[in-house]
Amino acid sequence: MASSPLRRRHRAKRIAIFNHKGGVGKTTLTLNVAAALGSLGKGVLLVDSDPQCNLTSYLLEDKVVDNLLDQSDGPNGETLWSAVKPIVEAEGDIKLIPSKELSVPNLHLLPGDIRLSDFESELNQLWADCLQRKVKGFRGTAALSAVVNDVAEALDVDFVFFDSGPNIGPLNRSILLDCDYLIVPAACDVFSVRALKTLGHTLATWIQDWQTILALAPDQVYRIPGRPTVMGSLMWKFHSSRSQCRYRATLWKRSSRSRKEATIAPR
Ligand SMILES: Nc1ncnc2c1ncn2[C@@H]1O[C@H](COP(=O)(O)OP(=O)(O)OP(=O)(O)O)[C@@H](O)[C@H]1O
Ligand SMILES: [Mg+2]
C-alpha cells in the first residue's frame, strides 16, 4: 500500500492486556474480553503481535496457520510480518493485509508471525532514527500501528486488542505506546507483583522518552501517540478462602494479642 501522509488514526480504542511476565493469562483474557464485546455487537480486531502466535494458533486451524507461516515471507503473505516486511527491507511502506474472519461474531484477526522478531530487531535502530528526525524512523516505529489502522478503518471496528509476547522489548514498546489503554493481568505471586513495579517504571520512561522524540517529529508523518492510560491490574489465581487464611495469619503475627482483629476478612 502506498504511503499516505494523510492517514488519520481510526476511532477504535486500542487496548493491550499486557504484562512482561509470562503465562499470566494475557492471551486467554484478551480473547475472552474480545469475544464478550463481540457478543454485545461491538466490532473487535484482534492483533496477534506475539511472535509465539498463540492467539493465531488458538483461533485458526493448524493447516491454515501452517499455510500462513509458509507463505508469509513471499508476495502472497498475509501475516503481520508480511505487512511490515517492506519497511524492514526498506522497500517501501506497509502492505495492506486482510483480516481473518472468525467463527465468533464481530471478531477479526490479524495473524501473528514468528518473523515479527526480525521486525523487532530493527526497531531499536528505527527509534534512534527518530532521534535524528528521520522520517523512516517515525514510519518504522508506527508501521504496525499503521497496518492496524488501515484494517480497523476498513472494518470500522470499535476496539483493537493487541496480544503481545512476555517481554519488555522494542516491539512491545511500540505497541504499548500505540495503545489508548493498558490492562495488566497478574497472578497472585511475588514474581507477578514484582513485574508490576518493573512494568510501571519502564512504561513511565517510554512515555517520557517518546514525548521528547515526538517534539522532533517532522510534519505530516503518521506517528504513535505514546500516551497509554493504565486502566488497572487484574489479579487471578486468587483463592478467596485461602487468601483469607493468609491474611489472618499475617494479622496473627502482627497482633497476636487481639483475636478479634485477627478474624477480619480481606478487602
Ligand atoms: N482464568 C484462568 N483460569 C484458569 N486457567 C487460565 C486462566 N487464564 C489462563 N489460564 C491458563 O494459563 C495458561 C497461560 O495462559 P495464557 O497463555 O493466556 O498466558 P499468557 O500470559 O498469554 O502467556 P505468554 O506470556 O506465554 O503469552 C494457559 O494454560 C491458560 O489456559
Ligand atoms: Mg500469550
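Computed from the coordinates by the stated procedures, all read-outs in this text should not be read as laboratory data. Everything numeric here is computed off the predicted structure, so don't read it as measured data. Glycine also receives a Cβ, built like all others from the backbone with ideal geometry; neighbour counts cover every protein chain displayed.
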- prompt: What 222 nm value per residue comes from the helices of the chain, counting each DSSP H run with n ≥ 4 as -39,500 (n - 2.57) and dividing by all residues, nearest 500 deg cm²/dmol?
  reply: -14500 deg cm²/dmol
- line: Set Lys13/Lys95; Lys63/Lys85; Lys13/Lys42; Lys26/Lys237; Lys21/Lys85; Lys63/Lys100, cut-off 19 Å on Cα-Cα distance; pairs above it are Lys13/Lys95; Lys63/Lys85; Lys21/Lys85
Taking all pairs of distinct alpha-carbon atoms in the chain, Kirkwood radius in angstrom: 19.8
- request: For the range 83-164, go through all pairs of different Cα atoms, get the mean of 1/r, take its inverse, and jot down that Kirkwood value in Å.
  value: 13.8
query: Non-local amide H neighbours of Phe161 (under 5 Å, H modeled in plane, Pro and chain starts lacking H): which ones?
result: Ile15, Leu45, Leu46, Val47
statement: The simple spin-label model distance between Gln208 and Arg194, using points 7 Å out along Cα→Cβ, in nm, is 2.4
message: Using only the alpha-carbon atoms, how far is helix 143-155 inclined from the longest principal axis of the chain? Give it as 0 to 90 degrees, nearest 10.
response: 90
message: Restricting to bridges with both residues inside the chain, how much of the DSSP beta-bridge set is antiparallel, in percent to the nearest 5?
response: 10
message: Which trypsin sites (Lys or Arg not before Pro) in the range 105-181 sit in a loop by DSSP (not H, G, I, E or B) and have at most 14 other Cβ atoms within 10 Å of their own Cβ?
response: Arg133
query: How do 102-113, 119-130 rank on mean C-beta neighbours within 10 Å, highest first?
result: 102-113, 119-130
Those aspartates and glutamates that a straight Cα-Cα span of less than 20 Å connects to Lys134, excepting residues fewer than 8 apart in one chain: Glu89, Glu91, Asp93, Glu120, Glu122, Asp178, Asp209, Asp219
message: Assuming 0.36 nm per residue, please report the length gained on full extension of the stretch Asp156 to Leu40 beyond their Cα-Cα distance.
response: 40.2 nm
